[in-house]
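These notes are about the structure you will find just below.
Read the figures in this text as sums done on the coordinates, not as results from a lab. Fair warning: this is a prediction, and the values are worked out from it, not measured in the lab. Here the Cβ is made from the backbone with ideal geometry for all residues, glycine too, and neighbour counts use every protein chain on show.
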Amino acid sequence: MTFAHPAERTDGDRGRFERLAEAASNLTASPAFSVFCLLLVAAFVTVHAARLSTEWQILVGDTMTALTLLLLALLKNAERRAEHAVQRKLDAIAAALLEEREGPEGTARRELREAIRMDERL
């Protein structure tokens, strides 16, 4: 079973996940989120330096771990969306070059035609 990436939807409609991922990506790119992360790291250092109970250390550590996993998922989602957008643009450029070029079938033209949508075959 394969899972299609949300950016590869054929209907062109953005679903809940895409809107949520974009909102979360915008939030995590904000200065407020950076300050929050710095405060969380400061809390982690403070809890360990103050030698507070193990429960506090676990709470802060687990919070940082959960945040790290969420950020990793957001980063991968953003990477895939950007990769898909770049590939669509490259395919459009290659198609336009093929339409523009007239004349006998040459090696360059054949290679360009084969390169279109190559990412789907890999």
Would you mind stating whether Phe36 is without any contact (Cβ under 8 Å) to a residue 24 or more places away in the chain, in contact with a Gly (Cβ under 9 Å, 6 or more places away or on another chain) and hydrophobic (A, V, I, L, M, F, W, C)? no
In segment 38-82, which residues are touching a helix residue (DSSP H, G or I) at 6+ places or on another chain (Cβ under 8 Å) and hydroxyl-bearing (Ser, Thr, Tyr)? Thr63
